[in-house]
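Have a look at the structure below, then the notes.
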Amino acid sequence: MRPDKVVLMTMRKLLELYRKVCPGLFYVEYDDFDFDRSAEMINERYRPAGPMCSGIRKGSFSGRNFDGYDGENTVLVMRVGNRCARYSSISVTTSYLLPSLLEIMAGQEKDDSYLILPQLAVDGVNEKGVSVTEFMVPNCEASEDRSSWGGRGWGKSAAYTNRCASRIYNTQLLPRYILDNASNVDEAIGLVRDVNWFDPDRFTSSGNAGSLKWLLADPRKSAVVECIDNELKIRVTDEVNSPSPCTLTTNFSSYLFSKGIIQDGASGYERYGQMAELYDREEESIDGLKRILKSVSMSEKYRRDISDRFFFATDYLWSESPSGRHFTSTELYGGDAKKDPDFIETVKLDKSRYFDKSLRPEKHGQTVTIYTAVYDMEAMKLSLLCNEGAVDGRWYEFSLEDKL
């Protein structure tokens, strides 16, 4: 090939907005991101998804499995520079939150979609070593009195209201807001308290109802933030090497759990217990976190013959119930639901499949681990395993200090 053609091809490669790292994994750098403008679009247009995930913090490392429905597995790593944010950061989003992500990247254009992508970050670390990880919590019991979803506000469901605050943000904006502005966990908590947060209507009133929660960390402290009864429930710990609700989290409310409230749905109690069991056995390192997260990874597609507990949890029976009623795990396994005519009508065609994990239907909506991310908060580095694209099990490394 002629030298001038080689140079031309190299220039075209460098000018690509979204760079393909491997099948299913892409990378983009931002120096012209506008938080306020994109926040307006997110507030009006975007409805958060509810991923089933596992998260961990140990020492100066944090990590997570991102579990979503199979097929929505395009992963995008984003580097946001400090020319357009107070602090630079590296973060991750997926097509689980934006199904058109692959088409957006194929267009290689800076349009509205390009502008809002940083706002869809579900985990990341900034230049100050502050890490944020986002999780879903079933909202069917997101209240201590079990009768309220937090009230209404602004035509949406209020997650947390500060009457003195002027900012009103979609809960999906919290990770980006923290990554852009917080220099430590204490500062992050202050920033969160100074905003009115809401969950869009569809997110809190649909069958897949849910709210979001977040694991915040820096090299010295970690915290879990939840929205319950229109209030922030925040737990903080300086014991960053001990298993606790501030260093381990899955998809249930640790606050409600502490009050004796067991949430329904596949909420992750088993995954939490598995990570807690391994926490003290594994070393404080990137590799240690990788092994713990692998132990709760859902890396296979659902099959009837899979007996692994992480493929089961409990069922969302409201999806088939004529009245839309959600049957609790206590009712299912304690037998109370069997006395309900609506339950009988729902399961009479194949009742056994709701009680035997080996008899789940083939079309059971099963999640798989789309990617695993581990962050070094002191070195500001990301190790990422894109399970769908990296069939060889390769981990890809990204550094906040080095542009690709």
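Considering only region 67-98, state which residues are among the hydrophobic types (A, V, I, L, M, F, W, C) and assigned to a strand (DSSP E or B). Quick ask: steps written out before the conclusion?
Step one: filter region 67-98 for residues among the hydrophobic types (A, V, I, L, M, F, W, C), giving 75-78, 80, 84-85, 90, 92, 97-98.
Selection gives VAL75, LEU76, VAL77, MET78, VAL80, ILE90, VAL92.
Tell me which residues, restricted to region 12-41, are within 22 Å of ASN73 (Cβ to Cβ), open to solvent by 20 Å² or more (accessible area, probe 1.4 Å) and at pLDDT 90 or above.
Of everything in region 12-41, those that are within 22 Å of ASN73 (Cβ to Cβ), open to solvent by 20 Å² or more (accessible area, probe 1.4 Å) and at pLDDT 90 or above turn out to be LEU17, ARG19, LYS20, VAL21, PHE26.
With respect to LEU102, is the statement that it is more than 27 Å from ALA379 (Cβ to Cβ) and in contact with an Asp or Glu (Cβ under 7 Å, 6 or more places away or on another chain) true?
On the way: more than 27 Å from ALA379 (Cβ to Cβ): yes; in contact with an Asp or Glu (Cβ under 7 Å, 6 or more places away or on another chain): no.
No, not satisfied.
For ASP218, which of the numbered conditions (1) farther than 16 Å from ALA188 by Cα; (2) crowded, with 22+ Cβ neighbours inside 10 Å fails to hold?
(1)
Consider only pairs whose beta carbons are under 8 Å apart and that are at least six residues apart or on different chains; among these, list those whose first residue lies in region 161-172 and is surrounded by 14 or more Cβ atoms within 10 Å (Cβ to Cβ) and whose second residue is outside any loop (DSSP other than H, G, I, E, B) and small (Gly, Ala, Ser).
As it stands, the answer is THR161/GLY153; TYR169/ALA39; ASN170/ALA39; THR171/ALA159; THR171/SER211, since those pairs meet every condition given.
Before we move on, is GLY59 open to solvent by less than 10 Å² (accessible area, probe 1.4 Å), in contact with a strand residue (DSSP E or B) (Cβ under 8 Å, 6 or more places away or on another chain) and among the small types (Gly, Ala, Ser)? Full working, then the answer.
Numbers: open to solvent by less than 10 Å² (accessible area, probe 1.4 Å): yes; in contact with a strand residue (DSSP E or B) (Cβ under 8 Å, 6 or more places away or on another chain): no; among the small types (Gly, Ala, Ser): yes.
Judged against the criteria, GLY59 is not a match.
Of all residues in region 173-195, count the ones that are open to solvent by less than 10 Å² (accessible area, probe 1.4 Å) and either over 12 Å from VAL130 (Cα atoms) or assigned to a helix (DSSP H, G or I) (or both).
Restricting attention to region 173-195, the residues satisfying the condition of being open to solvent by less than 10 Å² (accessible area, probe 1.4 Å) are 173-176, 178-180, 182, 185, 188, 192, 195.
So of that shortlist, the ones also either over 12 Å from VAL130 (Cα atoms) or assigned to a helix (DSSP H, G or I) (or both) come out as 173-176, 178-180, 185, 188, 192, 195.
Number satisfying all stated conditions: 11.
From the set of residues in region 222-256 that are open to solvent by 10 Å² or more (accessible area, probe 1.4 Å), touching a Gly at 6+ places or on another chain (Cβ under 9 Å) and at pLDDT 90 or above, which is nearest to GLU134 (Cα to Cα)?
The selected residue is VAL240.
Filter region 273-289 down to the residues that are out of contact with any strand residue (DSSP E or B) (no Cβ under 6 Å at 6 or more places or on another chain) and touching a residue at least 40 places away in the same chain (Cβ under 8 Å) and list them by number.
TYR279, GLU282, SER285, GLY288 - these are the residues of region 273-289 that are out of contact with any strand residue (DSSP E or B) (no Cβ under 6 Å at 6 or more places or on another chain) and touching a residue at least 40 places away in the same chain (Cβ under 8 Å).
The values are calculated or read from the model by the stated rules, or taken from the named source; none is laboratory data. The model shown is predicted, which means the values in this text are computed figures rather than measured ones. Because the Cβ atoms are built from the backbone with ideal geometry, glycine has one as well, and the counts that use them run over all protein chains shown. Side chains are part of the model used for accessible areas, which takes the heavy atoms of the whole protein and leaves out ligands, DNA and RNA. Shrake-Rupley method; radii C 1.70, N 1.55, O 1.52, S 1.80 Å.
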